Every structure is written in C-alpha cells, then in structure tokens.
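Trainee: Have a look at this one.
The values are calculated or read from the model by the stated rules, or taken from the named source; none is laboratory data. Quick caveat: nothing in here was measured; it's all calculated off a predicted structure. With ideal geometry, Cβ positions are generated from the backbone for all residues, glycine too; neighbour counts draw on all protein chains shown.
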Amino acid sequence: MTSEAPTNLPRLAPEIVRRLPSVLEEVAEQLGEQHPGYATFVDSEFPNILAGAEAFIERLFSVAARGHQGRPEFVTDAERALFETIGRAHYHQHQDVDALLAAYRIGAAVVWRHVADVALLHRLPSARFAGLASAVFAAVEELSAASRQGYLDAERERRHSIGRHRHELVELLLSDRPSPAAVDAVAERADWPLPERAAVVLLEPDPGAGERPAPVEGDVLVGEGALVVPEPDRPGRPEHLHRAFRGRSAVIGPSVPVDQVHHSLELARLAARLRDEGVLSGDPLVVDDHLDALIVHRDEHLLEALRVRLLAPVLELPGSSAERLVETLASWLLHLGNGKAVAEDLHVHPQTVRYRLGRLRELMDLDAPRRRAALLLALGWPRAEKPAATDDRAARGDEGR
C-alpha cells in the first residue's frame, strides 16, 4: 500500500478537474447568499476561473503526492502576485478585505467537500487523505495571505502618499498667495476636504520631549513647527485646542479663509515674538485675545516714534522723574481719569497722583480727545523692552508731596 499511495493522488486530479464546473457553480450559489458581488464575478469570469482552477488542482495534487519535507509551495509566484493584485484592488475600491477572505473560505470548503468525496471513493489511505486536506487548506491560506498582503501594501502606500501630499499642502497654504487651482489639486491628492476657514498653530521645538506627536485630531495638517487646523471655530473646537496645546508653548493664530492661511501664520509669528519679549502671555497664547496688542506692536519703530513725539516734553526730564510721570499717565488713561484707581494701581497716595497729573498738565494738553486717544495708543500696552523698575519709593522726590 505504501508504494501505491504516492501515485493515488495524481490519479485523483482528473476526476476533480471534471467536477470543477459543478464546483464553481456551487461556490457561486453559496456566495450569492452572503457575498452576491463575488457570485456575480464568478459567473462573469467563469471560463477564466475554470482554466486557472484546473491548473491549480493538477499542481496541488502533484505537490501533495511528492510529500517532501518542510513546507511545500502550493502557490506559484504568478498566482501569489495575482491574489496580491486582488487585495490591492479591494483597498482602492474601498471593499472589505475580510469579506474577500470569507469568500475564499467558502470556496475552499466547497472544493474540499468534492475532493474528500473523490478521495473516499478511491479509498485513499488516511495518511494521504490527511496530507491532501493539509495541502488544500495550506494553499487557500497562502492565497488569502497574498490578498491580505496586497491590501495592506496598498493601504501603506496610500498613507505614505497622503502624508507626502499633506506636507506639500501645508507648505502651499502657508506660502504667500497660493494658487487656488494648485491648492484644490494638492488637497484632493492629500484626501483633505478644503474647509471654508482655517487657523495656524505654532509649536516650539521641545528637545526634552523627543518626538512627542502633536495632540491633534486627524484632520489637522502637520508641518515643520506649524499646524493648519480646519474650521477652528466649529462648536467644541476652541476648547479642544486649548486642552490639546496647554503646556506646549503654542500660539493659536486667528481663524481666516482657507486661502488666507498665511495671514494667520503672520499674526501667530508676531504674537510669538511679543510673547518672547514679555509683552504677551498665555498657555496657549491665543492671537484673537490680543489683537489690540498686535495692532499696536506690529511696527515697533512706528510705535516708538509715536511715543517719542507725544511724550517729548516729559522725556526731557531726568530719568526717574520722566519714568514716574509716564507710569502715572498710562495708569490715568487706562482708568479713565479715576485718581483713586490710579493711586491703588501704583500703590501711592492720591495726593501724589494729583501732583503728578498737575506736572503732566503743565507739560502737555491732556484735555484734547484726539491727544488722549493717541496717548492711550502709545502707553496703553506694555513695552517690549521695559526699563528697570524702581522699587525704592523713598528715592522718589515727589513721594512726600
């Protein structure tokens, strides 16, 4: 029996091949119940599937008959490549690969019932019968693995492609006056639906954090030190951004039309500079909360020229006297002339405030509305470079007044 057993398997192959039309019809029928799309495919490609199945069965029985050591190769490179292509196609067509593998299992079960029927009719020895079963299901496993690998490869390539195009899109959006046609084209390749509005978030590099990822949602574009957040004003988004970027030295730019994202970047950079100079603070720093300060400090040279022109009579006084008068004038403007509030703000006696205001009125006109507005613009915000504070109140010549 042992000498005849190896030759039994190849002799069974022609009988299985003769049954293949019926096998494929049964497979299509069973697929029609759960996977009608695959059943339709079997019907439409019946001649091609039948030809491939015949060659596959003959080779499968031949390989199983040899019974060599190790794991035999039941699938050719061409078949493996074909099934990888099927897996790739499923990914690109947004079809479920698990459904595909389930269809393979249904087909394998039908094929095995027919193979087992023929084997039992020929009284195939139990060892050869078990070997044949292993061969059938090992082959199906190889084909399934090939399709899954093709699907995963396509998914990985797609992610890589999307990542590359999204990086390109960030650079395009942050550039000055990006082409709308170019933005549309790259956004489509990046699988990023163009929003109506967006905002830039700046993140400082954190050497101590290593490659810590930005705590953002999946629709946020990530660039070099800058993120583009779509629809930053939608319900719940501002709160999410506050939570996500707390402790990250982040600057959240203003919401702008998506084709003007470079303006959000420009203002975020200005806010970051003012934060570094001690003018602004916030964790995270939200540009929309400091637009007035950004307007005032956008051109430091122009702001300084305004201060020098308006305060010229005061700045001619000795340094400490000029400093005290400018400090009092700024507080008086911010408190709308409320002397008591000014005294509390500066921690001095109300009489001292009255004296200083008298000195200021001797030097400049404080009653003209336009002059007060200009002075408020010049003094109402902290300076980028603050002079050293004078804490020794006793050294002030007017404290006793």
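Trainee: Out of region 331-372, which residues are small (Gly, Ala, Ser) and at negative phi?
Mentor: Ser331, Gly339, Ala341, Ala343, Gly358, Ala368
Trainee: If Ala271 satisfies all but one of (1) over 23 Å from Leu377 (Cβ atoms); (2) crowded, with 16+ Cβ neighbours inside 10 Å, what's the number of the condition it fails?
Mentor: Here Ala271 meets the rest and fails (1).
Trainee: Same structure, new question: Give just the number: which of (1) at pLDDT 75 or above; (2) within 14 Å of Ala139 (Cα to Cα); (3) in a helix (DSSP H, G or I) does Val75 not satisfy?
Mentor: That leaves (3) as the condition not met.
Trainee: Assess whether Glu25 counts as being over 53 Å from the mean Cα position of the chain (by Cα) and either modelled with pLDDT under 80 or surrounded by fewer than 18 Cβ atoms within 10 Å (Cβ to Cβ) (or both).
Mentor: No.
Trainee: Further, regarding this structure: If the requirement is being part of a helix (DSSP H, G or I) and in contact (Cβ under 8 Å) with a residue 12 or more places away in the chain, which of these qualifies: Val170, Val200?
Mentor: Val170
Trainee: Something else now. Does Leu60 count as part of a loop (DSSP other than H, G, I, E, B), closer than 28 Å to Arg11 by Cα, assigned by TED's automatic domain parsing to the domain that holds Ala39 and among the hydrophobic types (A, V, I, L, M, F, W, C)? Break it down stepwise before answering.
Mentor: On the way: part of a loop (DSSP other than H, G, I, E, B): no; closer than 28 Å to Arg11 by Cα: yes; assigned by TED's automatic domain parsing to the domain that holds Ala39: yes; among the hydrophobic types (A, V, I, L, M, F, W, C): yes.
So Leu60 does not fit the description; no.
Trainee: Every residue in region 206-244 that is modelled with pLDDT under 90 and of a type in the set (Asp, Glu), please.
Mentor: Asp206, Glu211, Glu217, Asp219, Glu224
Trainee: Please work out if Leu280 is crowded, with 17+ Cβ neighbours inside 10 Å, among the hydrophobic types (A, V, I, L, M, F, W, C), farther than 30 Å from Val183 by Cβ and out of contact with any Leu (no Cβ under 7 Å at 6 or more places or on another chain).
Mentor: Numbers: crowded, with 17+ Cβ neighbours inside 10 Å: yes; among the hydrophobic types (A, V, I, L, M, F, W, C): yes; farther than 30 Å from Val183 by Cβ: yes; out of contact with any Leu (no Cβ under 7 Å at 6 or more places or on another chain): no.
When the stated conditions are applied, Leu280 does not pass them.
Trainee: Taking the options Ala154, Ala135, Ala65, Ala139, name whichever one is in contact (Cβ under 8 Å) with a residue 40 or more places away in the chain, farther than 25 Å from Val42 by Cβ and surrounded by 17 or more Cβ atoms within 10 Å (Cβ to Cβ).
Mentor: On the way: Ala154 fails: farther than 25 Å from Val42 by Cβ; Ala135 fails: farther than 25 Å from Val42 by Cβ; Ala139 fails: farther than 25 Å from Val42 by Cβ.
Among Ala154, Ala135, Ala65, Ala139, only Ala65 is in contact (Cβ under 8 Å) with a residue 40 or more places away in the chain, farther than 25 Å from Val42 by Cβ and surrounded by 17 or more Cβ atoms within 10 Å (Cβ to Cβ).
So that you can scan it fast, the table gives a plain yes or no per residue for (1) in contact with a helix residue (DSSP H, G or I) (Cβ under 6 Å, 6 or more places away or on another chain); (2) outside the structural domain of Tyr38 (by TED's automatic domain parsing); (3) small (Gly, Ala, Ser):
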{"residue": "Glu84", "(1), (2), (3)": "yes, no, no"}
{"residue": "Asp96", "(1), (2), (3)": "no, no, no"}
{"residue": "Asp117", "(1), (2), (3)": "no, no, no"}
{"residue": "Arg128", "(1), (2), (3)": "yes, no, no"}
{"residue": "Leu132", "(1), (2), (3)": "yes, no, no"}
{"residue": "Leu174", "(1), (2), (3)": "yes, yes, no"}
{"residue": "Asp184", "(1), (2), (3)": "no, yes, no"}
